[in-house]
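Asker: Here you go, one structure.
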Amino acid sequence: MTAPVTFVNPVLGGDRPDPAIIKVGDEYWMTYSSFEAAPGLPLYRSTDLVNWTYVTSALPNPVGSTFAVDIAEHEGRFFIYIPFIPTPWSTLTDASIFVIHADAMAGPWSEPIDLGIRGAIDPGHVVGEDGTRYLFTNGVRRIQLADDGLSTVGDLEKVYDGWRYPDDWITEAYALEGPKLFRRDEWFYLVSAVGGTAGPPTGHMVIVARSRSVHGPWENHPRNPIARTEDSSEAWWSRGHATLVPGPAGTEPDEWWMISHGYENGYRTLGRQILLEPIRWGEDGWPEAVESDLGGPIDAPAGAVAQIPAADIAEDFSRFEPGGRWTFHAPGRGEAERVRVDDGLVLSGKGTSPADTSPLAMLTGDHAYEIEVDVSIAPGVEAGMLLFFNNRLFCGMGIDGERMLSYSGGIRTHWREPAPATDRMTLRIRNDEHIVTGWYRVPGGEWTRHAIRYETSGYHVNTVGDLLSLRPALYATGAGEARFRDFRYRPLR
């Protein structure tokens with residue numbers, strides 16, 4: 001007898017918080033909060049929930065920081081409801097919910113349409129028993145949508161008070177958020193998160209309520225929460241923001257799965273990663289999470305193929321399409337115009353330091369990896385390679401033609417690395433379970449180890465209060481261009 005295929009979480013590594021997922025025929029489509037990245041809302045496709053392939057990005061020019069979305073299909077048309085949060089580079093003054101729409105999940109997607117909803121996040125779409133469309137938001141509040149889903153009717157109203165956990169549980173904050181709704185049999189189910197998304201490892205959790213009507217009243221699951229990190233010794237922390245979906249084609253009708261996010265124990269630096277776990281339906285019609293700790297192998301859905309491991313990346317930049325691997329952090333509108341392909345990736349300088357340059361960054365879910373790139377600069381430009389969390393927290397090195405500049409803790413260090421003055425150099429950074437080492441060499445020369453090593457286990461949300469991750473990044477500042485060639489990414493184990 002053939003052994004069942006198993007998988008190990010995460011099913012999609014790296015910082016991909018607040019997953020939103022929809023089943024379309026025999027396929028699943030998923031995106032997640034892309035925050036201050038452009039392009040935003042990367043769309044991934046899967047047939048087995050275990051292996052995911054990037055297809056496109058739905059949001060070339062975000063209006064603000066892109067928070068937790070919901071994907072909906074209605075009468076053959078697809079919608080993504082998006083909360084944008086004000087940032088220094090946006091024109092928004094309050095949290096604002098927009099919508100984009102398309103004929104197919106692969107796009108093309110419309111420009112964002114402002115729904116006029118202010119002071120709310122985490123939209124969840126549902127169609128009521130009478131065919132009326134609604135958005136639920138954090139709170140939990142509700143507003144009616146027009147039939148076409150592109151405008152609203154009336155105002156937000158409070159419709160659900162949540163489920164209260166015992167006061168002695170160690171959480172960040174109550175924070176009733178992330179409502180996701182679906183209909184099964186004669187019930188509407190409301191899946192929410194409480195407990196706060198960062199802070200203590202035992203904070204975030206998944207709760208469920210149900211009602212015969214979209215108008216309530218909502219009855220809480222008698223065994224809430226259905227998922228929670230109960231102890232900091234578990235493999236995954238702050239588990240929450242979940243969506244429940246039916247199993248893949250060929251599975252039993254009662255086989256359902258839950259997609260959520262969590263921080264890996266000891267690796268908050270990687271951000272919130274995407275977790276998959278089975279759901280069992282009880283005889284009383286309530287969903288139950290089967291696994292108490294998601295740290296080991298789990299039987300995959302029937303028909304799933306073996307999980308594809310992380311691979312080396314060799315990027316010669318002969319072609320470049322932002323979104324699949326690289327995105328700009330904290331972009332201005334039209335940030336992609338800074339990039340062109342010409343004997344490598346040519347990046348126009350911006351700002352005066354890595355903090356305000358909108359670097360090109362990529363996600364990683366590996367505990368240990370090495371990155372390498374050849375960089376050359378025009379006069380008046382500084383460029384290099386970083387491990388970048390946000391504009392306040394990064395480390396790495398660059399060159400400006402006269403010296404090597406070294407960064408740690410989000411500032412330029414006092415250390416004057418004795419590197420040669422040059423306008424071209426190959427840089428290498430190794431992040432080995434938070435221990436960061438750098439090397440450099442001039443063309444045709446030998447590698448020299450940077451004199452200073454860094455320890456980056458504190459580069460995470462609970463240090464600077466920003467829900468991001470530590471990412472490999474390329475940057476260029478000043479009034480000119482830098483050219484990057486032969487980028488390499490190699491997982492070390």
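Derivation of every value follows stated rules applied to the coordinates shown; laboratory data play no part. Computed from a predicted model, the values in this text were never measured in an experiment. Glycine gets a Cβ as well: all are built from the backbone with ideal geometry, and neighbour counts include every protein chain shown.
Asker: How do the peptides 469-479, 276-286, 194-204 rank, highest first, by the average count of neighbouring beta carbon atoms within 10 Å per residue?
Answerer: 469-479, 194-204, 276-286
Asker: GLU252 to ASN61: FRET efficiency via 1/(1 + (r/R0)^6), r the Cβ-Cβ distance, R0 56 Å, to the nearest 0.05?
Answerer: 0.85
Asker: While we're on this one: Based on other C-beta atoms within 10 Å, arrange PHE487, PHE182 from fewest to most.
Answerer: Arranged by neighbour count, lowest to highest, PHE487, PHE182 become PHE182, PHE487.
Asker: What ranking, highest mean first, results for peptides 358-364, 225-231 when packing means the other Cβ atoms within 10 Å averaged over each residue?
Answerer: 358-364, 225-231
Asker: Select from the range 308-414 those GluC sites (Glu not before Pro) which occupy a DSSP coil region and have at most 14 other Cβ atoms within 10 Å, ordered by residue number.
Answerer: GLU402
Asker: Here's a follow-up. Over the alpha-carbon set of the chain, work out the extent along each principal axis and list the three values in angstrom, largest first.
Answerer: 72, 51, 45
Asker: Which order, highest average first, do 59-69, 245-255 follow once you tally other Cβ atoms within 10 Å for each residue and take the mean per peptide?
Answerer: Peptide ranking by packing, descending: 59-69, 245-255.
Asker: Rg and Dmax of the range 313-354, Cα atoms, in Å?
Answerer: Here Rg and the maximum Cα pair distance are 11.0, 30 Å.
Asker: At 222 nm, what helix-only mean residue ellipticity would the chain give, in deg cm²/dmol to the nearest 500, using -39500 (n - 2.57) for each DSSP H run of four or more?
Answerer: 0 deg cm²/dmol
Asker: If you average the alpha carbon positions of the range 54-99 and of the range 358-377, how far apart do those two centres end up, in angstrom?
Answerer: Their Cα centres are 27 Å away from one another.
Asker: Here's something else I'd like to know. Straight-line reach only, C-alpha to C-alpha below 28 angstrom: list the lysines that LYS180 could link to, leaving out same-chain residues fewer than 8 apart.
Answerer: Excluding near neighbours in sequence, the set is LYS23, LYS158.
Asker: Only Cα pairs under 8 Å and at least 6 apart count here; give the relative contact order of the range 313-491 as a rounded whole percent.
Answerer: Relative contact order, the range 313-491: 33 percent.
Asker: I've got another one for you. Taking a quarter of the surface of the Cα convex hull of the range 6-299, what do you get in nm²?
Answerer: 14.5 nm²
Asker: Could you list the trypsin sites (Lys or Arg not before Pro) in the range 380-448 that lie in coil according to DSSP, counting only those with at most 12 other Cβ atoms within 10 Å of their Cβ?
Answerer: ARG416
Asker: Among GLY124, ASN224, ASN431, pick out the residue whose Cα is farthest towards the positive end of the charge dipole of the chain, where Lys and Arg carry +1 and Asp and Glu carry -1 on C-beta, about the Cα centre.
Answerer: ASN431
Asker: Something else about it: Magnitude of the Cβ-charge dipole of the chain, K/R +1 and D/E -1, about the Cα centre, nearest 20 debye?
Answerer: 1300 debye
Asker: Another one. Convert each backbone phi in the range 298-313 into a coupling constant with the Karplus relation 6.51 cos²θ - 1.76 cosθ + 1.60 (shift: θ = phi - 60°), then list the ³J(HN,Hα) values in order as whole Hz, x for Gly and Pro.
Answerer: Values, residue by residue: 10, 4, 7, x, 4, x, 5, 8, 4, 5, 7, x, 5, 10, 5, 10 Hz.
Asker: Let a ≥ b ≥ c be the square roots of the eigenvalues of the Cα gyration tensor of the range 313-491; is it rounded (a/c under 1.5), or, if not, prolate (a/b larger than b/c) or oblate?
Answerer: It comes out rounded by the Cα gyration axes.
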